[in-house]
Amino acid sequence: MYKLRGHHLFCLLGYRGMGYSEEYVKNMTKLHQTLRNNPHTYIQIVNEPDHLCEKYPNSGKYHCQDAHIYERDAAILKKLGLQIGEILQWRNIEAAVRNRTVPADIQVVCETCSWRSYGVCEEGIQEMHDGKRLREIN
């Protein structure tokens, strides 16, 4: 079981193999591909630094504890209808994305995210709506 915070649920949809450091990318790719290949993997929703934050580079300010990150987590969980502490399979998170979001939601709930300008998270939500799974990362 993996522990994930709210905004990382959307980050995983848009993940394309880029990240903050080589160690971060390696960790995120491993998790991403685990979820892609085994959507029955259990996820616990947390309100704290999670499995992905563990590999955030120690290069100054630790953004995983910033207030605006917690606000983004809460907004995404509300949008998906999920609760802190909930344990569910990744496939159920994908279903929540399909049933409760649209690609344009990224422009609002992820307004201050530096990755938003790439457009990949919107693509990820659209791909969920199109019945696709997470992309394969090479």
Fraction of alpha-carbon pairs in region 2-129 farther than 24 Å apart, rounded to whole percent, equals 19
The size of the Cβ-based charge dipole (Lys, Arg +1; Asp, Glu -1) of region 2-129 about the Cα centre, to the nearest 20 debye, is 220
Whole-Å distance linking the alpha carbon centroid of region 1-61 with that of region 102-138 is 15
Dividing the helical contributions, -39500 (n - 2.57) per DSSP H run of n ≥ 4, by the residues of the chain yields a 222 nm value, nearest 500 deg cm²/dmol, of -14000 deg cm²/dmol
Scanning the chain, every Cys lacking a C-beta partner under 4.7 angstrom -> 11, 121
So residue 66 and residue 129, fully extended at 0.36 nm per residue minus their Cα-Cα distance, gain in nm 19.6 nm
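Read the figures in this text as sums done on the coordinates, not as results from a lab. Since the model is a prediction, treat every value here as computed from it, not as a measurement. Reconstructed Cβ throughout: ideal geometry from the backbone, glycine too, with neighbour counts over all protein chains shown.
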